[in-house]
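The values are calculated or read from the model by the stated rules, or taken from the named source; none is laboratory data. The structure displayed is predicted, hence computed values, not measured ones. Cβ sites come from the backbone with ideal geometry, for glycine too, and all protein chains shown count toward neighbours.
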Amino acid sequence: MNRLVKFGFAVAALSVAVPSFAEAEIEEEEEGAVGWTPVAVGLASPVQLPWGSHKWDVFGLNLGLIWTDAPKMYGLDFTGIASASRDDLKGVKFSMLCNWNSANVYGLRATLGGNFCWGTEYGADIGLFAIRGPMWGFDVEFVGSYQDEFHGVQVAGLANVSKNLSYGGNLAIGCNWAPTMYGFDLAIFNYTRELHGCQLGIVNFATECPWGFQIGIINIIMDNSWKVLPIVNGFF
């Protein structure tokens, strides 16, 4: 009898849970855009025209007083406080405090706060700081940036940090940091494990230097015969 009662409870639980899971799957499928609009204007998403424009792709102009949110944004996006795109951005995005992109970026983003991108970025960023995946282009951050890898030219007040590698030019008052570096670094302190290019700073550090050189007060290349040298160190 006890087993029969337990079995009955299990069947009842499944009868409630299965429809709930089905509804959840339907809701997930409905999270995409419901259509597109050439203009979106409003106070804070979803209080916009068209209503609920966080479900509409914007191919044109997106204006928001406080907060805007759209799946895809192709065109011009100007927002008072913060702006988000859950799919690709192709165009120009400006906000006072935050530009957030969950997918790829193709274009220009500018803010007095932070630029965030969780896809791949092609273009230019201007802001206080940036956190992103790989980037190809030009970047100016008044504090600094952190990315998976960087290809291009970046300028920072404090530090440029690449998780994997950097190709191009990195300029900072404080520090340039990348496990593998191809190009040119200029800062008070430059660090890389593998140097392919030039480091110019007060202190320069490289674990190995397949080709390149360092110019500074203290120059360190760990796999050289002379590991620490003033003025110039390198491998040619």
Open item on the list: Which residue is surrounded by the most Cβ atoms within 10 Å (Cβ to Cβ), if the candidates are limited to region 75-94 and must be more than 15 Å from W36 (Cα to Cα) and of a type in the set (S, T, N, Q)?
Closed with: S83
Open item on the list: Take the residues in region 163-203 that are buried (at least 18 other Cβ atoms within 10 Å of the Cβ) and part of a loop (DSSP other than H, G, I, E, B); name whichever of them is farthest from the chain's Cα centre (by Cα).
Closed with: G201
Task: Condition met for K72 (surrounded by 11 or more Cβ atoms within 10 Å (Cβ to Cβ) and modelled with pLDDT under 85) - done: no
TODO: For N160, state whether it is buried (at least 17 other Cβ atoms within 10 Å of the Cβ) and part of a strand (DSSP E or B).
DONE: yes
Open item on the list: Filter region 169-205 down to the residues that are touching a Gly at 6+ places or on another chain (Cβ under 7 Å) and aromatic (F, W, Y) and list them by number.
Closed with: Y182, F184, F189
- [ ] Give region 98-127 a look and list any residue that's crowded, with 16+ Cβ neighbours inside 10 Å, of a type in the set (A, V, I, L, M, F, W, C) and farther than 23 Å from P38 by Cβ, or say none.
- [x] C98, F116, C117, A124, I126
Open item on the list: For Q48, only one of the following conditions fails: (1) modelled with pLDDT under 85; (2) surrounded by fewer than 16 Cβ atoms within 10 Å (Cβ to Cβ); (3) part of a strand (DSSP E or B). What is its number?
Closed with: (2)
